[in-house]
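Please read the structure below before turning to the comments.
Each reported figure results from applying straightforward, stated rules to the coordinates on display, with no laboratory input. None of the values given here were measured: they were computed from a predicted structure. Glycine also receives a Cβ, built like all others from the backbone with ideal geometry; neighbour counts cover every protein chain displayed.
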Amino acid sequence: MKQFRNYFLSILMLAILVASVSSCKDDENPVKEFPSGVLVINEGAFEKSNGSITHYDPETKEVSQDIFGLNNNGLALGDIVQSLTIAGDYAYVVVNNDNKVEVTTANTFKSVHTISSVSLPRYFTTHNGKGYLTEWVSFIDPGRVAVINLTSHAVETTITTDYGSENIIAANNKLFVSNNFSNTVSVINPTSNEVTETIEVGSSPGELVQDSEGKVWVICGGDYGEANASLHRINTATNEVDKTIELEMSAGRMAINKAKDQLYVVSGKAVYKISITDTTVPETSFISVTAAVGLYGIGVDTETDEIYLADAKGFAANGSVYRYNASGTLLDEFTAGIGPNGFVFR
């Protein structure tokens, strides 16, 4: 009996010791929260599974790299982190080449679910309690939009669009989808989940923004190797293009200011500022980043109007981010992950 009691006490002490060590480890590695600041989307190198999210605090200038891995025991986010959307309590991280959307908590980026029944996903938005995810599907099949239940995170149905379903925006109780492998924008009725109209724009339509008049602008990258990018403004009431601006340059990235009356268009190492009332592009760039290898992403903080520019550095090393005030004066710069392509502002 004494021998059994000693054995029992030994097991109890061991359990207490293990619990104590575990508690110490938890204290040493607490879950870090990121409820404010700037989130940088880093694609990573193709087939290297090193895409990530960087957090930047503009007040303290503190930079935290790979915040998903930080709070998920070093787990890799995946291959080509394309975009990030925060909606309510969740963050939706779209990982293109891994054919998934990683659903995490909005403030800690702790993984809670993985949506895997998607093909080459690109961008995500929400509207009236539903999620909408664009998918390329393949390079030979028409693209589509997956309708996602935001409670179960299950794909409820899909809506076929044109080839290369890319960016998506909700406006005037409709969904507008740019089809990057074509020259069209699909208009979706979110009640019937049907494409109700197809709008012809320029070649390779991509990013979409909504202006102060409620109209949607789409930037079209143009034909491969040609400097024929263009901007098209869509009247969301009539679904018609009511203005076209020929950029006469290579361009594909765009953002809009806080007042939603100025467009910022990226071309090479420069940014051009275009008013929504302009009919042509200014001859002189608004910002020129001579130190950049090539600007790959742009974002505007909707609270401060500060402009963030991402330099992917050719995907050969960690990228750089340049921060400017609304007047175009450089404030600072910091290092992001590999292939930074865009921003989310908290």
Relative contact order of the stretch 239-310 (C-alpha contacts under 8 Å, at least 6 apart) in percent is 27
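Report relative contact order for the chain in percent, whole number only (criteria: Cα-Cα under 8 Å, sequence separation at least 6).
Working: 953 pairs, mean separation 38.0, N = 346.
It rounds to 11 percent for the chain.
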Rounded to one decimal in nm, the spacing of the 7 Å Cα→Cβ label points at ALA317 and THR60 is 2.7
Cross-link reach from LYS32 to lysines, straight Cα distance under 17 Å and at least 8 residues apart if same chain, gives LYS61, LYS110
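Could you give the longest part of the chain that holds none of the chymotrypsin sites (Phe, Trp or Tyr not before Pro) found in DSSP loops with at most 10 neighbouring Cβ atoms within 10 Å?
1-138
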With label points set 7 Å from each Cα along the Cα-to-Cβ direction at ASP278 and TYR224, the distance between them in nm comes to 3.0
VAL95 neighbourhood, Cβ < 10 Å, K/R = +1, D/E = -1, net charge -3
In nm², the average projected area of the convex hull spanned by the Cα atoms of the stretch 284-341 is 3.9
With a Förster distance of 51 angstrom and the Cβ-Cβ distance between GLU240 and ASP332, calculated FRET efficiency to the nearest 0.05 equals 0.75
To the nearest 10 degrees, the tilt of helix 2-28 (Cα long axis) against the first principal axis of the alpha carbons of the chain is 30
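Computed over the Cα atoms, what is the radius of gyration of the chain divided by 2.2 N^0.38 Å, N being its residue count?
Computed over Cα atoms of the chain, the ratio equals 1.12.
At a threshold of 8 angstrom on Cα-Cα distance, excluding pairs fewer than six apart, so keeping six or more, what relative contact order does the stretch 194-346 reach in percent? Working shown, then result.
Values: 384 pairs, mean separation 20.4, N = 153.
Result for the stretch 194-346 is 13 percent.
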